[in-house]
Number of protein chains: 4
Amino acid sequence: MFSRLRFPIIIVNFKAYQEALGKKALELSRIAEEVSSETGTCIAVAPQAVDLRLISHEVKIPVLAQHADPFTPDRYTGAITLEAVKDAGATGTLLNHSERRILLADLDKTIKRARGLGLATVVCTDTPEVSLAVATLSPDTIAYEPPELIATGRAVSKEKPEAITRALNLIARVNPHLPVLCGAGISDAEDVKIALRLGTKGVLLASGVVKSKEPYKVLRAMAEACI
Amino acid sequence: MFSRLRFPIIIVNFKAYQEALGKKALELSRIAEEVSSETGTCIAVAPQAVDLRLISHEVKIPVLAQHADPFTPDRYTGAITLEAVKDAGATGTLLNHSERRILLADLDKTIKRARGLGLATVVCTDTPEVSLAVATLSPDTIAYEPPELIATGRAVSKEKPEAITRALNLIARVNPHLPVLCGAGISDAEDVKIALRLGTKGVLLASGVVKSKEPYKVLRAMAEACI
Amino acid sequence: MFSRLRFPIIIVNFKAYQEALGKKALELSRIAEEVSSETGTCIAVAPQAVDLRLISHEVKIPVLAQHADPFTPDRYTGAITLEAVKDAGATGTLLNHSERRILLADLDKTIKRARGLGLATVVCTDTPEVSLAVATLSPDTIAYEPPELIATGRAVSKEKPEAITRALNLIARVNPHLPVLCGAGISDAEDVKIALRLGTKGVLLASGVVKSKEPYKVLRAMAEACI
Amino acid sequence: MFSRLRFPIIIVNFKAYQEALGKKALELSRIAEEVSSETGTCIAVAPQAVDLRLISHEVKIPVLAQHADPFTPDRYTGAITLEAVKDAGATGTLLNHSERRILLADLDKTIKRARGLGLATVVCTDTPEVSLAVATLSPDTIAYEPPELIATGRAVSKEKPEAITRALNLIARVNPHLPVLCGAGISDAEDVKIALRLGTKGVLLASGVVKSKEPYKVLRAMAEACI
């Protein structure tokens, strides 16, 4: 069920984790939906491609693809087109994640095509300068993630607050209304609180929730931190 | 519903075609299932990643992914793991299609991992020599497709019979029981007949069925040519 | 012999053409040097990697690599580092050519590293929007080239003047002093004249000179058009 | 000065190391030439692309590129063609190094093209199975290197003798006269001796010589181990 991105937002990236595949992906998505409904905070999930359709149809929170190719529907064996992402019921897609970087030329093309299709784009960036460059392409959201902190449990909001501030300032110059998230190492409500205080509109995280033994508890605390 | 590959076989690759996405992918898969059931010829479909789970659960013919990444389930945003392919209910995966070539090192890794997971691999090749090289890695099937004929409507079995024979001979030296298909430009029953007469165990095709106005009729004739 | 980029400029990309390899690359570079010296117009050449050192030592015009990898000197077999480009005596490097696109993240890294090493960067772009995005990364020059016109002989300055104007306007907003070139299909002095009249600081071209039977004559006319 | 590969052989890969760039690459190549001349053992060097021509013209030992692209000379900005490698005076090229893997389809194409141009190919492989697959493509030499040991100083010949034996046996089945090298962690004469005793025709190494304070001494001992 198609649902728009609202801010502040918590986006949970399921990556290619076994703990977030198939039935488990659905369970995790239902937990996210429950927490979202209880707290009013927007929580989006980014499941694996094979789970996109299943989850989009079972939950009422925004569902994002983890990646989409720049191609139009045609002779592109193995590609995941934006049209397929849309047909699967997703709200949009992550793009340029540090584990799936894309060419600058493809990024422009894909953001434009997504806009035409009514799909939201959340573009990951690794430096304040790249964040500025991406901001000029007008995606729907930027998620600034210093790659060296991803999956470390050391939160970007605590370790690199000045880099977040710098990214926000640069982006504000060219695109002042663009919502910016931060990510990398986000693992508890405190990390989220600091991120929001710095001026971001939310967080992108993965292992902090997916690998947690108590995803409900972790997400609930984070969602409350957003209120 | 998991179903094994049987030979002779017709594999229909849905590529990223709009005509074979979502509902239309399901319709096409049902047609393939119907023809397969009526004729006894094995017909497999290779839908887009977002459709794998849906189709695997709705039809009783083999369903293949169009591509799988070499990664184990872990921090690989945007990847399609073999575990995801299996969880989605697929029988196996195409690998190294001309529109999605993979590294030799990854091919070895992926074939081995697929074997361990009980997934079938259908590896595409572009020359008789590459076919021989791939045969030594012992995939479940090889689909030899000269790229210059793909999507031309000029069938490999008519245009390059001697190349097919050469590929078959080379493969037989190292792996005599490996079933070999051919592909590229296959568009009617006659093309299929010639392919089988040359010694292949079937065909891999796409536009010939996906872009046809009468997919049932085309597939039915092809399936009968296999009896 | 190291020589700085001056504007207006004509950059001749030798691509992987046989007509611009080894001895022929040197001859062509000497012609460029001669024309530059006669007319006062800056002409730079971008030879193949194996010719960089030879040509940098034989001519006194700027020599550019066609591509450089983002890596620092280390365990990167097959890489062309910026340090190697510099050691070979080049002035800088082209980056992100349509035939060798790079990841956005690598572009940022490479521009920053080049700056630190005193190497000039000429970044190719394919749309006005990508030009704007690249401008925020502050390369030394941008070369806007609509890929569909490359190697056609139909000059971008005649076929897409409004796109050039749009690129110039977008870039001026964030980086008003950044020199912008245009490329694709540039084949005679008239094309160059129009390009300069539109506000660019020169052109990037390849086959128009490399494949010409009279490269001196073509270049000479183009260089005069810049005076 | 063009020089053929002879066996046993020691191939020194300069990678993108700063210690083996430009003047230092030339010094190192002269040391290799000296040791080769003193001991009679064939020693080849694989310098960075920008140094290929310089070194090929200054030493009389075989010089190899570290990588070559599959493309014919044409519109391929940034590519290193086999024609450029040949024009630069090199004997041949490494292919498919673990730090620069190539597509299976490109490997076939590049080996065939190199043969036509009279260039030698040394193809790196990471498993015994991939070694077998590559052997069927008939390159001039295979260098089996388990990637997990590269740059560790823990020699493949000591750590994985059974894997080397397995690779040799598999290759012998399809191509009994193909010389096979091993690499990864090779750092002294003892490592080389064991490698030869296992049946290889030499070694491929990098840091063991390039990062050594006494490259002459290390190479000399290794070359003597080959007599």
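Kindly establish whether B:A20 is under 22 Å from B:A189 (Cα atoms) and within 11 Å of chain A (Cβ to nearest Cβ).
Spelling it out, B:A20 is indeed under 22 Å from B:A189 (Cα atoms) and within 11 Å of chain A (Cβ to nearest Cβ).
The rows are residues; the columns are (1) aliphatic (A, V, I, L, M); (2) surrounded by fewer than 21 Cβ atoms within 10 Å (Cβ to Cβ); (3) within 14 Å of chain D (Cβ to nearest Cβ).
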site	(1), (2), (3)
C:E99	no, no, yes
C:D140	no, yes, no
C:I150	yes, no, yes
C:K158	no, yes, no
C:P161	no, yes, no
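For the range A:206-227, which residues satisfy the criterion of being among the charged types (D, E, K, R), in contact (Cβ under 8 Å) with a residue 60 or more places away in the chain and part of a helix (DSSP H, G or I)?
A:R220, A:E224
How many residues does the range A:184-205 contain that are within 14 Å of another protein chain (Cβ to nearest Cβ) and touching a residue at least 60 places away in the same chain (Cβ under 8 Å)?
Residues flagged as within 14 Å of another protein chain (Cβ to nearest Cβ) and touching a residue at least 60 places away in the same chain (Cβ under 8 Å) within the range A:184-205 amount to 2.
Quick one: count up the residues across the range A:34-49 that are within 11 Å of chain B (Cβ to nearest Cβ) and farther than 25 Å from B:L21 by Cβ.
Matching residues across the range A:34-49 total 0.
For A:L94, indicate whether it is crowded, with 24+ Cβ neighbours inside 10 Å, within 8 Å of another protein chain (Cβ to nearest Cβ) and out of contact with any Gly (no Cβ under 9 Å at 6 or more places or on another chain).
no
If A:Y17 meets every condition in (1) of a type outside the set (D, E); (2) surrounded by fewer than 24 Cβ atoms within 10 Å (Cβ to Cβ); (3) at positive phi apart from one, which number is that one?
A:Y17 satisfies every listed condition except (3).
Could you pull out the residue among A:A133, A:A114, A:A105 that is away from chain B (no Cβ under 14 Å), closer than 22 Å to A:P62 by Cα, of a type in the set (A, V, I, L, M, F, W, C) and touching a helix residue (DSSP H, G or I) at 6+ places or on another chain (Cβ under 8 Å)?
The unique qualifying residue is A:A114.
Based on what the data block shows, is B:S56 surrounded by 24 or more Cβ atoms within 10 Å (Cβ to Cβ) and within 11 Å of chain A (Cβ to nearest Cβ)?
Yes; evaluated as a whole, the condition is true for this residue.
Kindly indicate whether any position in the range C:99-109 is closer than 21 Å to D:A65 by Cβ and in contact (Cβ under 8 Å) with a residue 60 or more places away in the chain.
Within the range C:99-109, one or more residues are closer than 21 Å to D:A65 by Cβ and in contact (Cβ under 8 Å) with a residue 60 or more places away in the chain.
Tell me which residues, restricted to the range B:59-69, are within 9 Å of chain A (Cβ to nearest Cβ) and either out of contact with any strand residue (DSSP E or B) (no Cβ under 8 Å at 6 or more places or on another chain) or of a type in the set (F, W, Y) (or both).
B:D69
If the requirement is being without any contact (Cβ under 8 Å) to a residue 40 or more places away in the chain and closer than 19 Å to D:D87 by Cβ, which of these qualifies: C:A46, C:A79, C:A88?
C:A88 is the lone residue from the list that is without any contact (Cβ under 8 Å) to a residue 40 or more places away in the chain and closer than 19 Å to D:D87 by Cβ.
Do the conditions hold for C:L103, that is, is it among the aliphatic types (A, V, I, L, M) and more than 19 Å from C:L117 (Cα to Cα)?
When the stated conditions are applied, C:L103 passes them.
Please verify whether D:I31 is modelled with pLDDT of 95 or more, more than 11 Å from chain C (Cβ to nearest Cβ), over 12 Å from the mean Cα position of the chain (by Cα) and buried (at least 19 other Cβ atoms within 10 Å of the Cβ), treating the condition exactly as stated.
Yes.
Answer with yes or no whether D:G78 is surrounded by fewer than 20 Cβ atoms within 10 Å (Cβ to Cβ), out of contact with any helix residue (DSSP H, G or I) (no Cβ under 7 Å at 6 or more places or on another chain) and either away from chain C (no Cβ under 13 Å) or under 25 Å from C:R75 (Cβ atoms) (or both).
no
Residues in the range D:163-174 that are under 11 Å from D:A195 (Cα atoms) and either surrounded by fewer than 17 Cβ atoms within 10 Å (Cβ to Cβ) or touching a His at 6+ places or on another chain (Cβ under 8 Å) (or both): how many?
1
Okay, residues lined up against (1) touching a Ser or Thr at 6+ places or on another chain (Cβ under 7 Å); (2) within 16 Å of A:S56 (Cβ to Cβ):
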{"residue": "A:R4", "(1), (2)": "yes, yes"}
{"residue": "A:Y17", "(1), (2)": "no, no"}
{"residue": "A:A20", "(1), (2)": "no, yes"}
{"residue": "A:K24", "(1), (2)": "no, no"}
{"residue": "A:E33", "(1), (2)": "no, yes"}
{"residue": "A:E38", "(1), (2)": "no, no"}
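Checking A:T200 against (1) closer than 20 Å to A:A46 by Cα; (2) at pLDDT below 95; (3) surrounded by 20 or more Cβ atoms within 10 Å (Cβ to Cβ), which test does it fail?
(2)
Confirm whether A:G185 is under 15 Å from the mean Cα position of the chain (by Cα), in a helix (DSSP H, G or I) and surrounded by 22 or more Cβ atoms within 10 Å (Cβ to Cβ).
No: the conditions fail for A:G185.
The values are calculated or read from the model by the stated rules, or taken from the named source; none is laboratory data. What you see is a predicted model, and the numbers here were worked out from it, not measured in a lab. Please note: Cβ atoms are built from the backbone with ideal geometry, for glycine as well, and neighbour counts cover all protein chains shown.
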